[in-house]
Structures are given as C-alpha cells and as structure tokens.
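Here, each number is a calculation from the coordinates, and none is a lab measurement. Predicted model, so just to flag it, every value in this text is computed and none were measured. Note: ideal-geometry Cβ built from the backbone for every residue, glycine included; neighbour counts use all protein chains shown.
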Amino acid sequence: MSRINLNDVEDGMVLLSEVSNKHGNVMLKPGDKLTDKTIMLLKSWGITEVDIEGNDGDVVEGKDKDILNPDIIASIEKEVKEQFFDFTDNPFMERLYGIVKKSKVKCAAEATIGNSDETESN
Amino acid sequence: MKPNQIDRIIRRVDRLPTLPIIYTKLTRLLQAPNTTVQTVGNIIAEDQAIAVKVLRLVNSAFYGLPHKIGSLKHAIVLLGLNQVKNLVLATSTLQMFQEFKSAEAFDMKKFWEHSVGCAIAAKVLAETAHLGSPDDIFSGGLLHDVGKLIHAIYLDEAFTAVIADVQENEVPMIESEKKILGYDHSYTGRELAARWSLSQGTIEMIAHHHLSDSSARITKEIAAVHIGDIICIALGLGSGGEKKVPVANTKAWDILDIDLSRLDYIVTRIEKLFRESVSILES
C-alpha cells in the first residue's frame, strides 16, 4: 500500500482507504477506481494525498519474471548486489536494494519486449 | 596535507569559489526589514536566464500548482521568499560549479546533477516526514558535497588519486580521502560553509551527512540529507564519484519515522522531480 500525492495519481488507480471531506462525509470508498474527473474533484476539496493499492517494493513483478530467462534475472541480481556495499540488519538498505533490483529487471523486460516487437515487424 | 593547510586555502578569498552573487544578494535582502516581494523580484529579474528557469521550475511538477504562474512576483507570493531563494541557488550553482578548472577525472556536470538529486531527495524526505524546514534541507542537500569542489579544484593531483583509489579498490570516498588527503570532504565542506556564513543547520548537514562520526548527534535534517544522498547514489542520479552505494545509518532512517512501505513512492517521486528539474536547469 502507498500513500501518494494527488499530483502523482493516475486514472485507473484503486483506492485503498475511504476519502472524506473536511466535514467528515465519505466521498469515496475503498476499492473505488480513480478517474481524471474524481482526481480533479478531490483536489478541489483540498485533499492532497490518498492511499492507493500497490505491491511490495522488493518483489519482482510476476509478468517481468515470465518475460525474462531466469539466468538473466540472476545475473541482474548479481550485478545490482555488487553495486552495494555489504549490509546486514538494515531494513532500509534491504528495501532500497529491492527497489533498484526490481527497476533493473523491469527495464530488461521492457527492452526484451521492444526487441521482440522489432523482430516481428521485420 | 593537514587541516590547517585547508584553512589557508579557504581563507584565500580571491580564488575561492563564491556563492552565486544573486544568492548572496537575496540572502542579505531577506535578512533586512521591509523587504518587499517587488524588490526580490527585481533582483532575480536582473539575471534573465535565472528568472526564466525559476519560473519554469515553479510551473513544473516540482510544485504541482493547479494554475500557471506567469510572473516572478506571483511565484514569490505563492512559494514564499525562502523557497524562491533556494530555487535561485539551484539554478545558479551549475554555473558556479563549472566556472573553475578542476581535476579532469572529476565530472563536474555529473557532480552538479548528484547535488541537485540529493537536494530533491532530502526535500521529498523532509516533506514526507513533516519536518519544519524543507527549504533549508534543500540547500543542505544541494551543498552537501561542496567539499569535493575544493578538493577537485585545489588538490587536483591528490584528488585524482582518490578517485582512482575509489574506482580500483571499491572503497568509500571518505575512506580514501582520509587515507590520501588526511581528512574528508565533509570536513572541508564544513569549513567552506562557515566561510560562506551559511546557517548553523546547513553547516551541520554538510559536516555530518556521512554520519561517519558515531558520536555526532543525528538531527532529522542531517538524517534527511544522509538518506537522500544514499538514495541518489543507488538510483544513479548524477555522480559524486562513489563506486558503490554506501550503507545507510539505521538510526538516520529510524529518526525520520517514515514507514518503509512508503519508500517505493518516495523513490518514484524523487526520480520524476529529478528528471523534470534537471532538464529545466540545464536548458
């Protein structure tokens, strides 16, 4: 779950907690999907942040795992590990390392899709 | 080289990098009574290039304001004098960093990008942690590695050896600086910041951002710059010369009291603001 600034919220994101206005009236419920219109309304009510459904930072997303060869994922993980000085008992570093690893795997997966699109169109 | 030799370099006023003149003018103005928005706007407007960049930053995702801001005066009224002063600092430091001939092995442009990245990261952390002075933290982040500027300009041969040591032996830069120079850039930075009469808070952020002195008191402001610096290195936002991502002080993260689940969003926001700001500031 993530608490996100309304300027960074996008159409289609799903609310995790209810949103009330300053009078305490519930305007939106958990599970409601945000649209461009509701985002504008929330801003006009003076709301700046909302809780959005998200996933755990350090989990490599399922679809990226499916696209890439496990050996490639392992080699990316090794490369990222070597970029960090060793750490132990450090939840912040664990999380940061996980975020960097996930991002590199995602980029590699996107590059793979891009390459296979090119091959198909040739 | 010993610390008193650094003091001698720092005291050579004619050769020392100075804070951008526009920034020092604004700082003095803000300390004077009866300063008006008009006067501040006029000072900034004297430098067209800076004025344009400040307005573009004001209208970018950096602030996410609902309406377009068309004038400097309006920007100053909305954001406040301190925020605008920091925007001016960010826009003018690139020129300042590039004015001096430095060790060839040190990429001054990437160093400036890392400085801007750390400023943004520290500010995002400060806002998330609801700290009282996100603007001071922004300037602390921007200048946190300013000691490296002195090393790169005045100790270029020795600093080139430091850079080579870091790359080849994969050690943290402060360790290599202490070994080769006798002291590290946080010490030099502190001396320079004092010479520039920066606030005590900013001096402390520069002096302690590595938290290598376990006895130093960790304030929330220092923690924001410490963690912001590490996030930037991990994300590759510019480069201050480090080869590997340093290990964060666990107390620093704890003192910010931010839930770890928010880190993903914090990182995404930092990257977005960095991309947008750097493209405006470099244009």
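Note on A:Glu79 and B:Lys109: their simple-model spin labels are 2.4 nm apart, each label 7 Å out from Cα toward Cβ. Computed from Cα positions, the angle between helix B:263-281 and the longest principal axis of chain B comes to roughly 70 degrees. Listed by chain and number, the lysines whose C-alpha is less than 18 Å from the C-alpha of B:Lys148, apart from same-chain residues fewer than 8 away, are B:Lys2, B:Lys101, B:Lys109, B:Lys110, B:Lys178, B:Lys179, B:Lys243, B:Lys244. In this structure, the amide hydrogen of A:Met27, modeled 1.01 Å from its nitrogen in the peptide plane, lies closer than 5 angstrom to those of A:Val19, A:Ser20, A:Asn21, counting only residues at least 5 positions away or on a different chain.
Taking the Kirkwood radius as Rh and the Cα radius of gyration as Rg, the stretch A:2-52 has a ratio of Rg/Rh equal to 0.90.
Here the Debye sum runs over all C-alpha atoms of chain B as equal scatterers in vacuum, and log10 of I(q)/I(0) at q = 0.13, 0.15 Å⁻¹ comes out as -0.86, -1.16.
By the Stokes-Einstein formula, at 0.890 mPa s and 25 °C, the stretch B:18-99 with its Kirkwood radius over alpha-carbon pairs has D equal to 191 µm²/s.
Taken about its Cα centre, the protein assembly as shown carries a charge dipole of roughly 1700 debye when the Cβ of each Lys and Arg holds +1 and the Cβ of each Asp and Glu holds -1. Determine the sum of side-chain charges near B:His114: Lys and Arg each +1, Asp and Glu each -1, restricted to other residues whose C-beta is under 13 angstrom from that of B:His114. Local charge sum for B:His114: -2. Across the stretch B:150-159, computed HN-Hα scalar couplings (Karplus, 6.51 cos²θ - 1.76 cosθ + 1.60, θ = phi - 60°) run 5, 4, 5, 7, 9, 10, 4, 5, 5, 5 Hz from first to last residue, x flagging Gly and Pro. Inter-part distance, the stretch A:66-83 to the stretch B:86-148, computed on C-alpha centroids, equals 32 Å. When you restrict to C-alpha pairs under 8 Å that are six or more residues apart and normalise by the size of chain B, the relative contact order lands at 22 percent. Each 5 Å bin from 0 upward holds the following percent of the Cα-Cα pairs of the stretch B:67-183: 2, 11, 17, 17, 16, 14, 9, 6, 4, 3, 0. Helix B:220-235 and the long axis of chain B differ in direction by around 80°, with both axes built from C-alpha atoms. Select from B:Ala45, B:Ala105, B:Ala32 the residue whose mean-square fluctuation is largest in a Gaussian network model of chain B (Cα-Cα springs shorter than 10 Å). Evaluated over chain B, the most mobile residue of the options is B:Ala32. Here's the list of lysines a cross-link from A:Lys22 could span, going by alpha-carbon distance under 26 Å and ignoring same-chain residues fewer than 8 apart: A:Lys33, A:Lys37, A:Lys43. With a Förster radius of 30 Å applied to the C-beta separation of B:Lys25 and B:Lys244, the computed FRET efficiency comes to 0.15.
Rounded to the nearest whole Hz, the Karplus-based 3J(HN,Hα) values (6.51 cos²θ - 1.76 cosθ + 1.60, θ = phi - 60°) of the stretch A:70-82 follow the sequence x, 5, 5, 4, 4, 6, 5, 4, 5, 4, 5, 4, 5, with x at glycine and proline.
Specify the angular offset, from 0 to 90 degrees and rounded to the nearest 10, of the alpha carbon long axis of helix B:21-31 from the longest principal axis of the alpha carbons in chain B. Approximately 70 degrees, to the nearest ten.
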